[in-house]
Amino acid sequence: MPGDAARIALRQATGAVHERLHGVPVFSRLAAGRIEAAEYVGLLRRLLGFHLGVEAALAAAPSLEPFGIKVEARRRSPMLLADLKALGAKPLAPVAALPAPEGAAWAMGCLYVTEGSTLGGQHLARALDGILPGEAGRSFLRGYGARHGAMWRECCGAIEACGAEAGRLAAMIAGAEATFASFEGWFSARA
């Protein structure tokens, strides 16, 4: 079995929704560097609400530590809170309700979605160059900074270890699909 079989299966299962999300107007404007500062603040607030919901779901799930993942080290809401503060905005975010995790493999699928979203962050952060002063408000998009590569490799290793068993792979796919569906619903109603 190839060393990236679980990630390939996850990518194939969620490819359509992932592509649809690229077409959400607010994300398209951000990627093109055509987002207004006030709209960016609104986007950060929506992302905060979603990530708080993800973090609550992952906290309720069985531990991912047997796969080498410390979920609390991958919380992204503090970055969003820091960005809002840097931009002089209050957090004011409703929290997304995600499905209850159906086990550790389901939670790993959820984590696949949120960790995978860090991959395009550097490009999106650069798209803000003409909109925001300096580096203010970009910590969420910058992700884990210098630790990004190591964090992503750890996540990939955990995904493959978890997905090595067919039953767990199916549960990971279900978790990823449910998380993408929640994200799409969260943004399609407000984007």
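From the list Arg20, Arg11, the lone residue that is surrounded by fewer than 17 Cβ atoms within 10 Å (Cβ to Cβ), under 15 Å from the mean Cα position of the chain (by Cα) and among the basic types (Lys, Arg) is Arg11. Considering the range 65-92, the residues that are surrounded by fewer than 21 Cβ atoms within 10 Å (Cβ to Cβ), not charged (D, E, K, R) and not in a helix (DSSP H, G or I) include one that is modelled with the lowest pLDDT, namely Leu92.
A count restricted to the range 138-166 and to residues that are of a type outside the set (D, E, K, R), open to solvent by 50 Å² or more (accessible area, probe 1.4 Å) and modelled with pLDDT under 90 stands at 2. Residues that are out of contact with any Ser or Thr (no Cβ under 6 Å at 6 or more places or on another chain), of a type in the set (D, E, K, R) and either buried (at least 16 other Cβ atoms within 10 Å of the Cβ) or under 25 Å from Ser182 (Cβ atoms) (or both): does the range 117-137 have at least one? Within the range 117-137 (the criterion being out of contact with any Ser or Thr (no Cβ under 6 Å at 6 or more places or on another chain), of a type in the set (D, E, K, R) and either buried (at least 16 other Cβ atoms within 10 Å of the Cβ) or under 25 Å from Ser182 (Cβ atoms) (or both)), the answer is no, since none of the residues qualifies.
Just for the range 28-50: of the residues that are open to solvent by less than 10 Å² (accessible area, probe 1.4 Å) and not β-branched (Val, Ile, Thr), which one is nearest to Lys85 (Cα to Cα)? So, considering only residues that are open to solvent by less than 10 Å² (accessible area, probe 1.4 Å) and not β-branched (Val, Ile, Thr), the one nearest to Lys85 (Cα to Cα) is Leu44. Got at least one residue in the range 104-118 being modelled with pLDDT under 95, under 30 Å from Ala166 (Cβ atoms) and assigned to a loop (DSSP other than H, G, I, E, B)? Yes; the residues of the range 104-118 include at least one that is modelled with pLDDT under 95, under 30 Å from Ala166 (Cβ atoms) and assigned to a loop (DSSP other than H, G, I, E, B).
Between Ile35, Ile8, the distinction of being in a helix (DSSP H, G or I), β-branched (Val, Ile, Thr) and on the phi < 0 side of the Ramachandran plot belongs to Ile8 only.
Cys110 fulfils the conditions (1) under 26 Å from Glu19 (Cβ atoms); (2) loosely packed, with under 13 Cβ neighbours inside 10 Å except for a single criterion, (2).
Looking only at residues in the range 139-166 that are more than 18 Å from the chain's Cα centre (by Cα), touching a residue at least 12 places away in the same chain (Cβ under 8 Å) and assigned to a helix (DSSP H, G or I), the one that is farthest from Phe67 (Cα to Cα) is Glu160.
The values are calculated or read from the model by the stated rules, or taken from the named source; none is laboratory data. Computed from a predicted structure; not experimentally measured. Heads up, the Cβs are rebuilt from the backbone with ideal geometry, glycines too, and the neighbour counts pull from every protein chain shown. These area figures cover heavy atoms from the full protein model, side chains too; ligands, DNA and RNA do not enter into them. Shrake-Rupley method; radii C 1.70, N 1.55, O 1.52, S 1.80 Å.
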